[in-house]
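Asks: Here's a structure for you.
We did not get these values from a lab; they are worked out from the coordinates using the rules stated. In this text, all values refer to a predicted model and were calculated from it rather than measured experimentally. With ideal geometry, Cβ positions are generated from the backbone for all residues, glycine too; neighbour counts draw on all protein chains shown.
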Amino acid sequence: MAISYRVEPHLLTVGLERDLDLASARDVRAALDTLLDRYPDRDVRLNLDQVSFLDSTGLGVVLGRYRRLAAAGRTLHLVGVRPAVAAVLTVAGVRQIMAWEPRVASEAREKGVVADGGDELA
Amino acid sequence: MAETNSLSLDLASHPDNVGLARLAVAALAAGAPFGVPDLEEIRVAVSEAVTNAVLHGYGGRRDGRVRVEASLSQDRLQVVVSDQGRGIEDVALARQAAGGDGERLGLGILFMETFMDHVVIESHPGQGTRVVMEKRLPVAALAPDGY
Ligand SMILES: Nc1ncnc2c1ncn2[C@@H]1O[C@H](COP(=O)(O)OP(=O)(O)O)[C@@H](O)[C@H]1O
Ligand SMILES: [Mg+2]
């Protein structure tokens, strides 16, 4: 599963590296839930820098994690949102639900949780 | 309207074919002067239609067939996604975006209608569903005399 993460005292940063659609939904959901449970009590930053495609099925996975976290008083924040993904989030009205930041080409690399370690999740 | 290029795919109702369908249709569309955002929107619309065929039409079974036909003409792309699955009882009701079951959002048809210029859904319960979507080329890309 193409997913990497970094753990800090109050923050879990997770980077996804594949298209989020029907083909990947189940695996991505399971991998995210494993991490959210393993590192409780942290807010979560989801880096979509490497996600070039997301449709309503993929959005369902993201919003599903948002609901789980919100129910536990935790927040979910999206970063590295590419224009194609932003278009979907905008039409869905996600702005009213959770914060997200567009991908800025130059800072995309630094932000990459992939680059500064974090174990590959089996 | 003269067709300039086209494709026809006969796919198994397998989740992996959702990506295959959008890749193929976007590649066809890239042969016309669509902008990058247009191509992204086409990918989403195709993904939604094929996902619905797999998930709702065939209830997740992988042995159904999903047909994807796309054709480019001088002024537009037309995409037709059809299945011989369960069909839709009430298309007007299905079009109303409403939270589906579990993590389904009920946004697929809304995305198709937002990202394409024209969407028609024909369905017969027990026989299947046919989604016809069109996206016009940007006006600036069309020849002034319309050939
Ligand atoms: N090809 C299809 N076959 C059967 N039912 C369909 C098909 N496409 C759409 N539907 C019905 O229309 C509803 C709305 O579809 P959509 O807007 O994509 O939302 P979602 O897929 O999240 O439920 C579906 O829940 C389903 O009941
Ligand atoms: Mg759908």
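Asks: What is the mean number of Cβ atoms from other protein chains located within 10 Å of the Cβ atom of each residue in peptide B:41-54, rounded to a whole number?
Replies: Working: counts 4, 0, 6, 11, 1, 1, 10, 5, 0, 3, 7, 3, 0, 2.
Other-chain Cβ atoms within 10 Å of each residue's Cβ, averaged: 4.
Asks: When the Cα centres of region A:1-50 and region B:58-76 are compared, how far apart do they sit, in Å?
Replies: Each part reduced to its Cα centre gives a spacing of 32 Å.
Asks: On to the next question. Inside 10 Å of the C-beta atoms of A:47-58, what's the mean count of C-beta atoms belonging to other chains? It would help to have the intermediate numbers written out before the result.
Replies: Numbers: counts 0, 0, 0, 0, 0, 2, 8, 2, 13, 17, 12, 2.
Across A:47-58, the average partner-chain Cβ count within 10 Å equals 5.
Asks: Going by how many other beta carbons lie within 10 Å of each one, how would you line up A:Asp19, B:Asp83, B:Asp16, fewest first?
Replies: On the way: A:Asp19 22, B:Asp83 26, B:Asp16 14.
In increasing order of surrounding Cβ atoms, one gets B:Asp16, A:Asp19, B:Asp83.
Asks: Please state the charge dipole magnitude for the protein assembly as shown, taken about the Cα centre, from unit charges on C-beta atoms (+1 on K and R, -1 on D and E), reported in debye and rounded to the nearest 20. Don't skip to the answer; put the middle values down first.
Replies: Working: 29 positive and 37 negative charges, 94 e Å.
With Lys and Arg at +1 and Asp and Glu at -1, about 460 debye.
Asks: Applying a 10 Å radius around every beta-carbon, put A:94-101, B:36-43, B:3-10, A:30-37 in order of their mean neighbour count, most first. Could the numbers behind the result be given before it?
Replies: Numbers: A:94-101: 14.4, B:36-43: 19.8, B:3-10: 12.4, A:30-37: 16.4.
Output ranking for A:94-101, B:36-43, B:3-10, A:30-37: B:36-43, A:30-37, A:94-101, B:3-10.
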